[in-house]
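Let me begin by presenting the structure, written as structure tokens, before commenting on it.
What follows draws every value from the coordinates through simple rules; no lab data is involved. Fair warning: this is a prediction, and the values are worked out from it, not measured in the lab. For neighbour counting, all protein chains shown are included, and Cβ atoms are generated from backbone atoms with ideal geometry for every residue, glycine included.
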Amino acid sequence: MERTYVTVVAKITPQGDLFPLKICFEDGSEFTIDRRLQAPQRNPAKDGTTDWRFSCLVENRALTLFYNSSSHRWSIDSSLRSGGIPL
């Protein structure tokens with residue numbers, strides 16, 4: 001899976017919980033995250049990565065955001081952007 005790196009605006013609670021609020025793309029488009037669907041997952045993915053995975057709802061669509069805690073970078077699956085989906 002190829003990834004597209006994005007800017008994410010997030011809230012960190014006093015307890016250390018991380019809530020993504022908005023996704024921003026290089027072309028200037030922005031999408032508000034309606035809600036986080038579950039607590040972040042960090043067990044290894046099929047591709048071997050150990051990034052944190054955030055299942056979110058954006059414009060009534062489920063979306064997985066990936067957060068790499070080593071590089072502090074956020075990404076999404078590139079097919080979402082190149083496949084004509086407006087995310």
| Which of [x] 17.4, 57; [y] 18.0, 48; [z] 12.4, 38 is the computed Rg and Dmax of the Cα atoms in Å for the structure on display? | [z]
| note | Sparse-neighbourhood loop hits (trypsin sites (Lys or Arg not before Pro), segment 1-65; DSSP loop; Cβ within 10 Å at most 16 others) -> Arg42, Lys46
| field | Dipole axis of the chain (+1 Lys, Arg; -1 Asp, Glu on Cβ), positive-most option in Phe54, Gly16, Leu37 | value | Gly16
| Quick one: if the Förster radius is 30 Å, what FRET efficiency do Lys46 and His72 give, using the C-beta to C-beta distance and rounding to 0.05? | 0.80
